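Each remark here refers to the structure printed beneath this line.
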Amino acid sequence: MDLLEVRDLHVSFPTPDGLVQAVRGLDFSVRAGSTLSIVGESGSGKSVATQTITGLTRGAKVTGEARFDGDDLLKMDNDALRRVRGGQIGMIFQDPLSSLHPYYKVGWQIVELIREHDHELSKKQARARAVDLLKLVGIPYAERRVDDYPHQFSGGMRQRAMIAMAMAMNPRLLIADEPTTALDVTVQAQVLRVMRTLQAEFGTAIILITHDLGVVADLSDDVVVMYAGRAMEKANRRELFYAHHHPYTEGLLQSVPVPGVRTRLTPITGQPPSLVTPPPACPFNPRCPYVFDRCREETPPLRPVDLSPKHVSACWLPTDSASRVEARDALAARRATAAEARAAEARAADGAAATQADATVAEAGAS
Amino acid sequence: MTADVSEVPATRPVPSGEVLLRARDVVKHFPVGGRSLRGSARDVVHAVDGVSLDIRRGETVGLVGETGCGKSTLARCLTRLYDLTSGTVEFEGQDISTLSRRQMRPFRRNMQMIFQDPYGSLNPRRRVGSIIGEPFAVHGLADGADRKRQVQELMELVGLNPEHYNRFPAEFSGGQRQRIGVARALALRPKLIVCDEPVSALDVSIQAQIINLLSDLQSEFNLTYLFIAHDLSVVQQVSNRVVVMYLGAVAEVAPADPLYDTPRHPYTAALLSAAPIADPDQAEARERVVLIGDPPSPVSPPSGCRFHPRCPKAQPDCAVEIPQLLPRQGDGAEHVAACHHPLADGERLPTGGAVVATVVGPEAEPDRPVEPGAGSGEPSGPVTFEEQP
């Protein structure tokens, strides 16, 4: 059994504009000691999903189950959940300045958390533990800096202090919600290294929520790609980057500039969908370059790709790679034919040479 | 008729055109704190400390560096949104560094800015048509039906629906708002557009849309961009030349490809190696240099080379002598670095295993400048890097 198993999670928020369906039937699981990345654009529901399982989405309508070590977190009362949160499950958020209380010393905040979860420990012992934790995450002069206020820390140090706090009770699961988004690349590299080292040392499982595919490539074992509240594709890291199936995953990867390669980027056209009235059937169909009739009529379930049990994709394109390539080529050819027809019209207009037309067709086929 | 908009040259040649904007020894200091009891001088933040830079017509100059390195301040000095503490800025050969606001007016038409925050940079209570039309109003150009027509043309140009002329910014998504910002910057057909982190706040798929839009507009209107970003892969994607700043000074300037292939300044190399790569094989193959600590305070920047306290290659002379921006290791005049001990082709920085090493060696305080071993010829070595136990 996996450490965390989330099944058929639905989360919606009543708002004046209507019911916002932030998460619509999400399944995922985290193996003990592994890293699961959840990627997706703003509004894909990635943060809401994890906040819900830790009881941080008040006022939301929630259904489904989230079994942590066998117990359903969604059915726990507040007291039980509080013991799990901060104890068994540690959390780091994007903005470390607003997650630390500005009025209290960093060390005091860590001590408070430790004593909240472990009533046996004296203040002195808890403080010693706080110093150890700050050392562990690489805060220089931890004995002295433990008495600093959050504003005296730099951004990277604050995020490391947050990690220290999240790791205080030796959690089995660490939820990191965009932990490095607000940081410079140099500091980001430091923070990611701290997380990797801690995972190796303590065997903590990590859920990493991010929109940065570079961070995903760096740190994850498994990846869930979310769009409009649903999982579009689940795969291990290599499958995701080198053998992805879903056109949305492909779109995300093509949008990122690759260092050293300067071709024109291929953005995903259009805008992210409304969560009040999500597109029917496949939510990605209005922006998908390979869309065909079935995509607008039936919601694709997560189907195994290339017979791999762990790699699943919610897309109607064929799941074995040979016929998938064929189908994509056919759809691309259809677009090329349309482009050729347009080119032929233009050619008729100004009577260009045939060789030039061939080039145009080839170009249209390639794009 | 071959509409090959999807084709861009594999390498972007550096345009050899005339210099559009020339900055010499630009300095910008901000006073901090109150006066002391005796009324002596206040401390100053050395936000920009002697930056010289040429921007040629039609090129895109990328400007990168960590938070607080002064890149935005420099941009605001170049466009005279800030007054300079000292130094000169010439636009099309004319010194604009001491012009009054009124005298600056005609130049403002030619230099526009696009800002990072698509939410904060648009007035939420004004309609999109009036936001994009504002430059016309300020400069007393086109009005009435003519202005509306021009604004709608601009909206079309940047990929917005002209029928949304009367909507409010809140009715648009982040990417669309950034398009509004682009349309506003473009309204008066400026010669120079300063893009201050234009895509940092956007989702990756939308980022790519805006980057493509900016590059299309550049070829259509022969625009010149100063493109500020902390994302190095984005900067390489768009720039002809890249300027790397560290703590208020320029560390390295080079055409984009040489900068990424053969960085000379250790800071550039460290910055490049820290950037995440969206490719598991490449990410695993490369060695990452993890810089220790944070940039020192710009109130009292380190002596000599400002990077020496964090530099894995630092030698005693680095703390004493300020390195000049010169071609290093036989580079052409286009590739200059301010470093006494530049990296050779293919040389790698020592990779530190050091973040967790502070657990064993808490005495290493990376924020403190390294004092060179006094008198002894031996380099005291970069204390910031320690072997992992």
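Which one is surrounded by the fewest Cβ atoms within 10 Å (Cβ to Cβ), of the residues in the range A:247-289 that are among the small types (G, A, S) and touching a helix residue (DSSP H, G or I) at 6+ places or on another chain (Cβ under 9 Å)? Talk me through it step by step, then tell me what you get.
Of the residues in the range A:247-289, the ones among the small types (G, A, S) are A:251, A:255, A:260, A:270, A:274, A:281.
Restricting the remaining residues to those that are touching a helix residue (DSSP H, G or I) at 6+ places or on another chain (Cβ under 9 Å) gives A:251, A:255, A:260, A:270, A:281.
Values: A:G251: 21, A:S255: 22, A:G260: 12, A:G270: 14, A:A281: 16.
So, considering only residues that are among the small types (G, A, S) and touching a helix residue (DSSP H, G or I) at 6+ places or on another chain (Cβ under 9 Å), the one surrounded by the fewest Cβ atoms within 10 Å (Cβ to Cβ) is A:G260.
Give the residues of the range B:230-286 that are over 19 Å from B:R56 (Cβ atoms), in contact with a Phe, Trp or Tyr (Cβ under 8 Å, 6 or more places away or on another chain) and away from chain A (no Cβ under 11 Å), sorted by residue number.
Residues satisfying the conditions are B:L247, B:A251, B:H265, B:P266.
Kindly evaluate B:D279 against the criterion of being surrounded by 15 or more Cβ atoms within 10 Å (Cβ to Cβ), at pLDDT 90 or above and not assigned by TED's automatic domain parsing to the domain that holds B:L232.
Numbers: surrounded by 15 or more Cβ atoms within 10 Å (Cβ to Cβ): yes; at pLDDT 90 or above: no; not assigned by TED's automatic domain parsing to the domain that holds B:L232: yes.
Spelling it out, it is not the case that B:D279 is surrounded by 15 or more Cβ atoms within 10 Å (Cβ to Cβ), at pLDDT 90 or above and not assigned by TED's automatic domain parsing to the domain that holds B:L232.
It is to be established whether one or more residues within the range B:48-55 are modelled with pLDDT of 90 or more, over 18 Å from the mean Cα position of the chain (by Cα) and surrounded by fewer than 20 Cβ atoms within 10 Å (Cβ to Cβ). Before the answer, list the steps.
Just the residues of the range B:48-55 that are modelled with pLDDT of 90 or more, to begin with: B:48-55.
Checking the rest, the ones that are also over 18 Å from the mean Cα position of the chain (by Cα) come to none.
Within the range B:48-55, none of the residues are modelled with pLDDT of 90 or more, over 18 Å from the mean Cα position of the chain (by Cα) and surrounded by fewer than 20 Cβ atoms within 10 Å (Cβ to Cβ).
Evaluate the range B:111-124: report whether one residue or more is over 30 Å from B:A269 (Cα atoms) and in contact with a Leu (Cβ under 6 Å, 6 or more places away or on another chain). It would help to see each step written out before you state the result.
Taking the range B:111-124 as the starting set, the residues that turn out to be over 30 Å from B:A269 (Cα atoms) are B:111-112, B:118-124.
Filter once more, keeping what is in contact with a Leu (Cβ under 6 Å, 6 or more places away or on another chain): B:111.
Yes, the range B:111-124 has at least one match.
Considering B:R42, B:R105, which residue is loosely packed, with under 15 Cβ neighbours inside 10 Å, charged (D, E, K, R) and touching a Pro at 6+ places or on another chain (Cβ under 6 Å)? It would help to see each step written out before you state the result.
Numbers: B:R105 fails: touching a Pro at 6+ places or on another chain (Cβ under 6 Å).
Just a single option satisfies the conditions, and that option is B:R42.
Out of B:R127, B:R109, B:R184, which single residue is closer than 24 Å to B:I55 by Cα and either touching a helix residue (DSSP H, G or I) at 6+ places or on another chain (Cβ under 7 Å) or among the polar types (S, T, N, Q) (or both)?
On the way: B:R127 fails: closer than 24 Å to B:I55 by Cα; B:R109 fails: either touching a helix residue (DSSP H, G or I) at 6+ places or on another chain (Cβ under 7 Å) or among the polar types (S, T, N, Q) (or both).
Testing whether each residue is closer than 24 Å to B:I55 by Cα and either touching a helix residue (DSSP H, G or I) at 6+ places or on another chain (Cβ under 7 Å) or among the polar types (S, T, N, Q) (or both) leaves just B:R184.
Looking at the range A:211-251 only, could you name the residues that are under 15 Å from the mean Cα position of the chain (by Cα), within 16 Å of B:V204 (Cα to Cα) and within 10 Å of chain B (Cβ to nearest Cβ)? Don't jump to the end; show me each part of the working.
Going residue by residue through the range A:211-251, those that are under 15 Å from the mean Cα position of the chain (by Cα) are A:211-237, A:240-241, A:248-249.
Restricting the remaining residues to those that are within 16 Å of B:V204 (Cα to Cα) gives A:211-217, A:225-228, A:241, A:248-249.
Those that are under 15 Å from the mean Cα position of the chain (by Cα), within 16 Å of B:V204 (Cα to Cα) and within 10 Å of chain B (Cβ to nearest Cβ): A:H211, A:D212, A:L213, A:G214, A:V215, A:V216, A:A217, A:F241, A:Y248.
Looking at (1) crowded, with 18+ Cβ neighbours inside 10 Å; (2) at pLDDT 90 or above, which is the only condition B:V204 fails?
(2)
To keep it simple, each residue is scored yes or no on (1) closer than 30 Å to A:S44 by Cα; (2) at pLDDT below 90; (3) away from every other protein chain (no Cβ under 14 Å).
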position: A:H119; (1), (2), (3): no, yes, yes
position: A:V131; (1), (2), (3): no, no, no
position: A:D148; (1), (2), (3): no, no, no
position: A:G156; (1), (2), (3): yes, yes, no
position: A:P171; (1), (2), (3): yes, no, yes
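Can you go through B:V61, B:V89 and tell me which one is touching a Ser or Thr at 6+ places or on another chain (Cβ under 6 Å) and buried (at least 20 other Cβ atoms within 10 Å of the Cβ)?
Numbers: B:V61 fails: touching a Ser or Thr at 6+ places or on another chain (Cβ under 6 Å).
Exactly one residue qualifies, and that residue is B:V89.
Among (1) in contact (Cβ under 8 Å) with a residue 40 or more places away in the chain; (2) within 19 Å of the chain's Cα centre (by Cα), where does B:D216 come up short?
It is condition (2) that B:D216 fails.
With the requirement that a residue be under 25 Å from A:T210 (Cα atoms) and either of a type in the set (K, R) or free of Cβ contacts under 8 Å to residues at least 60 places away in the same chain (or both), what does the range B:232-251 give you?
Initial filter on the range B:232-251 (under 25 Å from A:T210 (Cα atoms)): B:232-238.
The answer is B:S233, B:V234, B:Q237.
Restricting to the range A:29-51, give me the number of residues that are part of a strand (DSSP E or B) and either in contact with a Gly (Cβ under 6 Å, 6 or more places away or on another chain) or more than 15 Å from A:D177 (Cβ to Cβ) (or both). Walk me through it before giving the result.
First, pick out the residues of the range A:29-51 that are part of a strand (DSSP E or B): A:29-30, A:35-39.
From what is left, the residues that are either in contact with a Gly (Cβ under 6 Å, 6 or more places away or on another chain) or more than 15 Å from A:D177 (Cβ to Cβ) (or both) are A:29.
Matching residues across the range A:29-51 total 1.
Would you pick out the residues in the range A:199-210 that are within 13 Å of chain B (Cβ to nearest Cβ) and surrounded by fewer than 22 Cβ atoms within 10 Å (Cβ to Cβ)? Outline the logic, then answer.
Narrowing the range A:199-210 to residues within 13 Å of chain B (Cβ to nearest Cβ): A:199-202, A:208, A:210.
Those that are within 13 Å of chain B (Cβ to nearest Cβ) and surrounded by fewer than 22 Cβ atoms within 10 Å (Cβ to Cβ): A:Q199, A:A200, A:E201, A:F202.
Say whether the condition of being over 30 Å from B:V238 (Cα atoms), crowded, with 21+ Cβ neighbours inside 10 Å and either more than 10 Å from chain B (Cβ to nearest Cβ) or at pLDDT 90 or above (or both) is met by at least one residue in the range A:335-344.
No, every residue in the range A:335-344 fails to be over 30 Å from B:V238 (Cα atoms), crowded, with 21+ Cβ neighbours inside 10 Å and either more than 10 Å from chain B (Cβ to nearest Cβ) or at pLDDT 90 or above (or both).
Is it true that A:I110 is hydrophobic (A, V, I, L, M, F, W, C) and away from chain B (no Cβ under 14 Å)? Before the answer, list the steps.
On the way: hydrophobic (A, V, I, L, M, F, W, C): yes; away from chain B (no Cβ under 14 Å): yes.
Yes, satisfied.
Filter the range B:219-229 for residues that are more than 12 Å from chain A (Cβ to nearest Cβ) and surrounded by 23 or more Cβ atoms within 10 Å (Cβ to Cβ); which is farthest from the chain's Cα centre (by Cα)? Step through it out loud before you land on a result.
Just the residues of the range B:219-229 that are more than 12 Å from chain A (Cβ to nearest Cβ), to begin with: B:220-228.
Remaining after also requiring surrounded by 23 or more Cβ atoms within 10 Å (Cβ to Cβ): B:224-228.
Details: B:T224: 14, B:Y225: 11, B:L226: 8, B:F227: 6, B:I228: 3 Å.
That would be B:T224.
Scan the range A:55-70 and tell me whether some residue there is surrounded by fewer than 22 Cβ atoms within 10 Å (Cβ to Cβ), basic (K, R) and under 22 Å from A:P278 (Cβ atoms).
Yes, the range A:55-70 has at least one match.
Limited to the range A:173-182, what total is found for residues that are surrounded by 24 or more Cβ atoms within 10 Å (Cβ to Cβ) and either within 12 Å of chain B (Cβ to nearest Cβ) or hydroxyl-bearing (S, T, Y) (or both)?
Total meeting the criteria: 1.
The values are calculated or read from the model by the stated rules, or taken from the named source; none is laboratory data. It should be emphasised that the depicted structure is a prediction, and the values quoted were computed from it without experimental measurement. Don't worry about glycine lacking a Cβ; one is built from the backbone with ideal geometry, like all the others, and counts go over all protein chains shown.
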